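> Starting off with a structure, shown below.
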Amino acid sequence: MTELKEFSIDDSEFVSQKKEVELCRQRSVRDEEKICAKCKNVYYCDLIKEFVLTQFKLKIARLKECQASNGLNSCTNCELFFECKVRKEYVDATYEKMNEGRGGEFDF
């Protein structure tokens, strides 16, 4: 059976950007939810765009490391395909990258 392992990927840049985004949300978002999609500047915010890009890079690195550690070149052959936390985080990060942190709105 395939086993998920912990990865030694440096996520310090991600953690730093996450703190910046959270501080920005506290200052800028008037809504109780405190999400970037509720901010009036979400379409012009480089901070959230950089954050979601860093998040995407981190999650894809973890996914590739997981695949390599399990001798796979794709998740489709993995026994944990539908339950995999690493894969789900990658899919979520991909979605966030596509909508640039806007919470579901896409600009094509």
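A short reminder: the numbers here are calculations on the coordinates, not readings from a lab. Computed from a predicted structure; not experimentally measured. Virtual Cβ from ideal backbone geometry, glycine too; neighbours counted across all protein chains shown.
> Yes or no: segment 20-28 includes at least one residue that is closer than 18 Å to residue 94 by Cα, more than 14 Å from the chain's Cα centre (by Cα) and either assigned to a helix (DSSP H, G or I) or among the charged types (D, E, K, R) (or both).
No, every residue in segment 20-28 fails to be closer than 18 Å to residue 94 by Cα, more than 14 Å from the chain's Cα centre (by Cα) and either assigned to a helix (DSSP H, G or I) or among the charged types (D, E, K, R) (or both).
> Does residue 14 count as assigned to a helix (DSSP H, G or I) and touching a Ser or Thr at 6+ places or on another chain (Cβ under 8 Å)?
Numbers: assigned to a helix (DSSP H, G or I): yes; touching a Ser or Thr at 6+ places or on another chain (Cβ under 8 Å): yes.
Considered against the rule, which asks whether it is assigned to a helix (DSSP H, G or I) and touching a Ser or Thr at 6+ places or on another chain (Cβ under 8 Å), residue 14 comes out as yes.
Per-residue answers, yes or no, for (1) part of a helix (DSSP H, G or I); (2) under 23 Å from residue 22 (Cα atoms); (3) over 11 Å from the mean Cα position of the chain (by Cα); (4) not small (Gly, Ala, Ser):
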site: 65; (1), (2), (3), (4): yes, no, yes, yes
site: 73; (1), (2), (3), (4): no, no, yes, yes
site: 82; (1), (2), (3), (4): no, no, yes, yes
site: 89; (1), (2), (3), (4): yes, yes, no, yes
site: 100; (1), (2), (3), (4): no, yes, no, yes
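> Turning to a different aspect of this structure: Restricting attention to segment 61-81, report how many residues are surrounded by 15 or more Cβ atoms within 10 Å (Cβ to Cβ) and among the aliphatic types (A, V, I, L, M).
Of the residues in segment 61-81, 3 are surrounded by 15 or more Cβ atoms within 10 Å (Cβ to Cβ) and among the aliphatic types (A, V, I, L, M).
> Among the listed residues 51, 56, which satisfies the condition of being buried (at least 16 other Cβ atoms within 10 Å of the Cβ), outside any loop (DSSP other than H, G, I, E, B) and either out of contact with any Lys or Arg (no Cβ under 6 Å at 6 or more places or on another chain) or free of Cβ contacts under 8 Å to residues at least 12 places away in the same chain (or both)? Write out each step before concluding.
On the way: 56 fails: either out of contact with any Lys or Arg (no Cβ under 6 Å at 6 or more places or on another chain) or free of Cβ contacts under 8 Å to residues at least 12 places away in the same chain (or both).
Just one listed residue meets the conditions, 51.
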